[in-house]
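So the structure is just underneath, and the comments pick up after that.
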Amino acid sequence: MSMTVSGGTVSDISFDRYLVDSGFITEDEHEKILQIYKENNLTGKIAIEHNFIKQENLDDVISYQGRHGNIKFGEAAVTMHFKRNRNI
């Protein structure tokens with residue numbers, strides 16, 4: 001069963017968008033969550049903790065991002081021919 005919220009059904013939107021649209025959090029709180037997430041590079045930390053990538057790979061991609069402006073992590077990793085930890 002899908003729940004309808006503004007912008008689509010729950011299955012069509014991200015969880016954070018659902019929280020805003022349902023009134024659980026405000027737009028300001030949503031922005032704060034996104035900022036904390038970005039500052040803490042949670043995806044990279046999780047990937048390292050689960051041995052999907054090495055710290056040096058994360059550092060290299062972040063460095064690349066810093067040199068090439070507003071580029072997403074995935075785009076930078078693909079451009080750098082990044083490989084999964086098991087292939088490194």
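Overall, region 41-88 carries a charge dipole of about 140 debye about its Cα centre when +1 sits on the Cβ of Lys and Arg and -1 on the Cβ of Asp and Glu, all other atoms neutral. Between the beta carbons of D21 and I46, assuming R0 = 25 Å, the FRET efficiency works out to 0.45 to the nearest 0.05.
Percent relative contact order of region 41-88, based on C-alpha pairs within less than 8 angstrom and at least six residues apart? Before the final figure, lay out each step's value.
On the way: 22 pairs, mean separation 18.3, N = 48.
Relative contact order for region 41-88 comes out at 38 percent.
With coordinates expressed along the principal axes, the C-alpha atoms belonging to region 41-88 extend over 28, 21, 14 Å, beginning with the largest.
Read-outs throughout are calculated quantities, based only on the coordinates presented, and are distinct from any laboratory measurement. Quantities reported herein were computed from a predicted structural model and do not represent experimental measurements. Virtual Cβ from ideal backbone geometry, glycine too; neighbours counted across all protein chains shown.
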